[in-house]
Structures are given as C-alpha cells and as structure tokens.
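Each reported figure results from applying straightforward, stated rules to the coordinates on display, with no laboratory input. What you see is a predicted model; the values in this text were computed from it and never measured. Don't worry about glycine lacking a Cβ; one is built from the backbone with ideal geometry, like all the others, and counts go over all protein chains shown.
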Amino acid sequence: MPETSIQTPPGFNQLPKAEQVCYLQALWDQISANPDEVPVPESHLQLAEERLRRYREDPATAKPAFEVIDRLALKSTRYVMPSAALW
C-alpha cells in the first residue's frame, strides 16, 4: 500500500496501544457503515473472482476457514517486526 501523509491526530501517539486500536476500529466502523462507498481496487475484485471460479470448478480443493486462519496465524508468528524506529 502506498504510504500516506495524513497527520496523526493530536494525542494519538500518547494513547496506550489498546486505545489506539479502539480508535482505529471506531474509524473503520464509520467508514464501513456504507460499504458501497469504500473503494475496492480492481485487482482485488479480479483475485476474488478467480478464487471463486476455482472453487466452483472443484469445491473439494477448498480449505475450511479455521484451517486457513490457523495457517496464517502460524505464519505471522514467524514474521519479524521491523524496528520501531522505522515507523
């Protein structure tokens, strides 16, 4: 994703991380209240359509959602977070 130059709201960086997450969730809740107004890149739509097509061709190859979530969670535990100085 491209980096933005939007200013951080005053006081945001002083909030505990849990409150920062709550703030971001509240922002997302406002944005997603009108899903038709949320832009979706064409590449994302194409990817979803391709995956749906492959599923319809052979539903037996689909993985249960919890299996995928577990695999992704395992992957993320191996991810090394870049230095905080980069953020």
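Miscellaneous remarks
- Gyration tensor verdict on the stretch 14-78 (Cα atoms; rounded if a/c is under 1.5, prolate if a/b is larger than b/c, oblate otherwise): oblate
- In this label model, Glu37 and Arg51 are separated by 2.7 nm, measuring between points 7 Å along each Cα→Cβ vector.
- Extension reserve of the Cys22-His44 stretch, reckoned as 0.36 nm per residue once the Cα distance is removed: 5.3 nm
- Charge-dipole axis of the stretch 14-78 as Lys and Arg at +1 and Asp and Glu at -1 on Cβ define it, positive-most pick from Leu72, Pro39, Cys22: Leu72
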